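So the structure is just underneath, and the comments pick up after that.
The values are calculated or read from the model by the stated rules, or taken from the named source; none is laboratory data. None of these values were measured; they are calculated from a predicted model. Glycine also receives a Cβ, built like all others from the backbone with ideal geometry; neighbour counts cover every protein chain displayed. Side chains included, ligands, DNA and RNA excluded: accessible areas come from the protein's heavy atoms. Shrake-Rupley method; radii C 1.70, N 1.55, O 1.52, S 1.80 Å.
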Amino acid sequence: MKKRVLNFVLVAGVTLGSVACKDDKSNRVEPGEAQEAAVATEEAVTYEIDTTASTIEWRGTKPTGEHKGTIAIQDGTLSATREEITSGSVSIDMNSIKVTDEGIDDKDRTSLENHLKGTVEGKETDFFN
């Protein structure tokens, strides 16, 4: 019984697919006269990121809490018009990752930073090594 139903569904699907894909000339668009493409009136300006005044703030969550911190920017640029950022490229230094959790002692902070950097023996592939 299952084979009959499966065969019926297969045949119905193929039939429906071939009917749906027939060549319908009423849906064709005829080429028209060429028109000039719109040109942006405002050029994007490229800005270099000030790495001494810029950082990335991060927050990681887990079922038992969260951690937060910063990462330094190595270099980067952003291109923008008056209305929007149009492109950009940012390189970050994952070895600069810092944990800024409140109420964490220096030993736990260093341990977590090393874990995130992937420098803990046996856990080198856990995060950002």
**Message:** Among the residues in segment 4-12, are any farther than 30 Å from residue 113 by Cβ, at pLDDT 55 or above and not in a strand (DSSP E or B)?
**Reply:** yes
**Fill in**
The condition from (1) outside any strand (DSSP E or B); (2) within 19 Å of residue 57 (Cα to Cα) that residue 96 misses is numbered (1)
**Asked** What is the number of the single condition among (1) of a type outside the set (D, E, K, R); (2) more than 19 Å from residue 50 (Cα to Cα); (3) open to solvent by 70 Å² or more (accessible area, probe 1.4 Å); (4) at pLDDT 90 or above that residue 69 does not meet?
**Response** (3)
**Message:** I'm checking my understanding of the structure. Among residues of segment 106-116 that are open to solvent by 40 Å² or more (accessible area, probe 1.4 Å) and at pLDDT below 90, which one is farthest from residue 48 (Cα to Cα)?
**Reply:** 111
**Request:** Output the number of the condition that residue 83 fails; it satisfies all remaining conditions of (1) modelled with pLDDT of 90 or more; (2) closer than 30 Å to residue 44 by Cα.
**Result:** (1)
